[in-house]
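J.: Please read through the structure below; I'll follow up with questions.
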Amino acid sequence: MLTGKQKRFLRAKANRLNPIFQVGKGGVNENMTKQIEEALEARELIKVSILQNCDEDRNTVGDQLSSETGAELVQIIGNMIVLYKESEENKEIILP
């Protein structure tokens, strides 16, 4: 569980990131969660964009992604979800 200070730190780092995944009409599937897990291992902090044609609510998508990947949900702002998971091999982000 992240503290408020850690979430602020991660939100500031995520501000300059571009989304690398998009959730569309099909919603979240097993293949997408596997790819997000691999991206989190490589990058630790990622943004996921939710497209207009997505049938599910953004909060539902955020909760589903964080629970299935084991990541922390840092922020949901607009149609963007920010996820963080500490990498086991490529640790780059040191939390305050």
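J.: I'm trying to understand the selection: among the residues of the stretch 65-93, which are more than 16 Å from ARG43 (Cα to Cα), part of a strand (DSSP E or B) and free of Cβ contacts under 8 Å to residues at least 40 places away in the same chain?
T.: Matches in the stretch 65-93: ILE76, ILE77.
J.: Here is a further query. Within the stretch 35-57, can you find the residues that are among the basic types (Lys, Arg) and either in a helix (DSSP H, G or I) or more than 22 Å from ILE94 (Cα to Cα) (or both)? It would help to see each step written out before you state the result.
T.: In the first step, residues of the stretch 35-57 are kept if they are among the basic types (Lys, Arg); the result is 43, 47.
Across the stretch 35-57, the qualifying residue is only ARG43.
J.: While we're looking at this one, here's another question. Mind listing whichever residues of the stretch 1-31 are assigned to a loop (DSSP other than H, G, I, E, B), within 16 Å of LEU73 (Cβ to Cβ) and either touching a Lys or Arg at 6+ places or on another chain (Cβ under 7 Å) or touching a residue at least 24 places away in the same chain (Cβ under 8 Å) (or both)? Please lay out each step first, then the result.
T.: As a first pass, look at the stretch 1-31 and keep what is assigned to a loop (DSSP other than H, G, I, E, B): 1-3, 15-20, 24-29.
This time we only want the ones that are within 16 Å of LEU73 (Cβ to Cβ), so: 1-3, 17, 19, 28.
Scanning the stretch 1-31 gives MET1, LEU2, LEU17, PRO19, VAL28.
J.: Take the residues in the stretch 32-64 that are of a type in the set (Asp, Glu) and free of Cβ contacts under 8 Å to residues at least 24 places away in the same chain, then tell me which one is nearest to VAL82 (Cα to Cα). Reasoning before the result, please.
T.: Residues of the stretch 32-64 of a type in the set (Asp, Glu): 37-38, 41, 44, 55-57, 63.
Going one step further and asking which of them are free of Cβ contacts under 8 Å to residues at least 24 places away in the same chain, we end up with 38, 57, 63.
Values: GLU38: 15, ASP57: 15, ASP63: 11 Å.
Taking the candidates together, the pick is ASP63.
J.: So which residues in the stretch 34-59 are among the hydroxyl-bearing types (Ser, Thr, Tyr) and at pLDDT below 95?
T.: Within the stretch 34-59, no residue meets the criteria.
The values are calculated or read from the model by the stated rules, or taken from the named source; none is laboratory data. Since the structure is predicted, the reported quantities are computational estimates derived from the model, not experimental observations. Here the Cβ is made from the backbone with ideal geometry for all residues, glycine too, and neighbour counts use every protein chain on show.
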